[in-house]
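Inspection log for the structure reproduced underneath, given as structure tokens.
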Amino acid sequence: MTKHAATTTQNKVERTGDAMKSMWQRAGVMGAAWAASQSALAEYAYNLQVPASQVARDVFHLHNLIMLVCVGIFVVVFGAMFYSLFKHRKSVGHKAAHFHENTTVEVIWTVIPFVILVGMAYPAAKIVIEMKDTSNPDMTVKVTGYQWKWGYDYLNEGIHFYSTLATPREQIDGTAAKGEHYLLEVDEPMVVPVGKRVRLLITANDVIHSWWLPAFGVKQDGIPGFIRDSWFTADKIGTYRGQCAELCGKDHGFMPTVVQVVSEEDYKAWVAKKKGSAQAAAADNGKTFETAELVARGEKVYQGNCAACHQANGMGLPGAFPAINGSKVATGPIADHIKVVLNGRPGTAMASFAGQLSNADIAAVVTYQRHAWDNKMGDAVQPADIAAARGGATAAVAPAAAAL
Ligand code: HEC
Ligand SMILES: [Cu+2]
């Protein structure tokens with residue numbers, strides 16, 4: 001070997017040594033950072049959300065525990081495998097052992113996984129039982145999934161409202177910059193008092209949806225015709241956001257779940273306000289509106305309830321949702337138009353809006369559809385007409401509501 005070749009080899013060895021050293025240093029730094037703090041870990045963008053309820057905290061710690069067990073198994077299994085591959089390879093002359101039915105080995109490889117599995121199942125089962133224990137709630141809210149919004153019924157307070165996406169259309173279409181809570185914001189969030197045990201009764205109106213709020217550790221399918229329950233107690237005042245977690249059609253990604261946790265007093269004030277606006281809405285059913293008022297109100301109702309399918313420009317989506325602009329129904333007899341909105345078209349995506357919208361809102365949206373775009377019908381319907389179309393029973397209720 002020449003002198004020159006020897007130094008080159010020497011250099012190479014040193015460089016490899018350096019590389020090894022810095023690799024271990026880096027691993028050490030990463031390990032220290034990992035161990036540094038569980039809460040720092042929780043805020044890491046790619047981790048689970050910061051828990052805001054006891055169940056969510058338990059789920060988070062369970063996740064960490066199971067992850068550690070998995071990493072341990074990974075290291076042991078792959079360590080043994082690579083050690084065997086390297087040490088017992090054919091090129092160093094190793095001869096494979098040929099044996100069958102070694103009882104000791106078989107007992108060991110059955111007992112060890114069994115112990116590990118039971119060790120994992122025990123804490124997991126404990127938390128699932130905790131999640132499913134909906135006894136002794138302070139309040140109960142029924143949550144209903146619709147294509148594509150959430151309905152909330154406060155069973156103790158008699159409050160009912162829908163919660164629809166509030167992200168402006170321009171942000172979705174990409175003609176405006178996306179906001180901070182893009183697709184995670186609604187017009188009316190669910191409001192609950194802090195520290196109270198809230199029981200949720202979750203169901204759906206059309207297809208399966210799933211009410212998911214990661215920070216509370218709640219994720220429950222809403223299934224048409226069934227009621228499932230879940231619960232949470234929020235630790236801290238704030239706004240918490242989740243999404244529908246069961247693929248439910250075209251706007252599945254556009255029906256977020258938003259919960260606003262407030263103080264006891266703020267909750268009471270909110271309940272009073274909601275009850276007031278329910279009375280105002282009932283009073284509206286007894287009013288007679290100017291056509292312009294109906295059109296303006298109807299546009300809002302249309303944006304919130306119809307535009308997802310029929311589109312803001314009234315053109316629908318060919319093959320799926322018919323255009324309202326120029327539609328025979330929206331330019332035909334008004335009674336048929338009302339009937340479609342009240343009854344829906346059974347067997348199609350056109351649902352009945354009889355339960356979702358008040359008489360005033362239905363009158364407004366029908367009037368709007370007949371005025372908007374090229375329809376320009378010029379006619380109008382009043383809430384009383386809708387009450388009449390609903391049939392005697394509801395019509396009789398309308399004057400009573402007007403008295404409120
Ligand atoms: C989930 C999607 C969806 C939503 C939301 C929706 N519709 Fe429809 N709508 C449809 C479909 C689908 C049809 C066609 C049904 C059929 O095949 O007969 C339809 C038909 C109609 C028609 C009859 C059109 C025609 O020319 O036959 C009217 C009127 C109408 N919808 C009004 C409304 C109003 C008002 C709203 C909001 C309050 C609304 N729709 C919300 C899906 C929807
Ligand atoms: Cu959904």
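Quick note: the coordinates plus some simple rules give every number you see, no bench work behind them. The structure displayed is predicted, hence computed values, not measured ones. Here the Cβ positions follow ideal geometry from the backbone for every residue, glycine too, while neighbour counts run over all protein chains shown.
Scanning region 345-355 for residues that are more than 7 Å from ligand 1 (Cβ to nearest atom) and touching a helix residue (DSSP H, G or I) at 6+ places or on another chain (Cβ under 7 Å), we see that the one that is nearest to ARG297 (Cα to Cα) is ALA354.
Selection of region 210-264 for residues being among the aliphatic types (A, V, I, L, M) and within 16 Å of ligand 1 (Cβ to nearest atom) yields LEU247, MET255. Remark: pairs (first residue in region 326-350, within 16 Å of ligand 2 (Cβ to nearest atom); second residue of a type in the set (Gly, Ala, Ser); Cβ separation under 9 Å; 6+ apart in sequence or on different chains) = ALA349/GLY249; ALA349/ALA320. For ALA312, the conditions (1) closer than 25 Å to ARG169 by Cα; (2) not in a loop (DSSP other than H, G, I, E, B) all hold with the exception of (2). Looking only at residues in region 110-167 that are aromatic (Phe, Trp, Tyr) and part of a helix (DSSP H, G or I), the one that is nearest to GLU188 (Cα to Cα) is TYR122. For the structure I just gave you, tell me whether GLY326 is loosely packed, with under 15 Cβ neighbours inside 10 Å, near ligand 1 (Cβ under 10 Å from one of its atoms) and not β-branched (Val, Ile, Thr). Yes.
Taking the listed residues LYS273, LYS219, the one that is basic (Lys, Arg), within 16 Å of ligand 2 (Cβ to nearest atom) and free of Cβ contacts under 8 Å to residues at least 60 places away in the same chain is LYS219, with no other qualifying.
Looking at this structure, is ALA281 part of a helix (DSSP H, G or I) and in contact (Cβ under 8 Å) with a residue 40 or more places away in the chain? Criteria met by ALA281. One residue is enough: does region 167-185 have a residue meeting the conditions surrounded by fewer than 14 Cβ atoms within 10 Å (Cβ to Cβ) and within 16 Å of ligand 1 (Cβ to nearest atom)? Yes - at least one qualifying residue is present in region 167-185. For region 44-56, a residue qualifies if it is of a type outside the set (Gly, Ala, Ser) and either touching a residue at least 40 places away in the same chain (Cβ under 8 Å) or loosely packed, with under 13 Cβ neighbours inside 10 Å (or both), and the qualifying residues are TYR44, TYR46, LEU48, GLN49, VAL50, PRO51, GLN54, VAL55.
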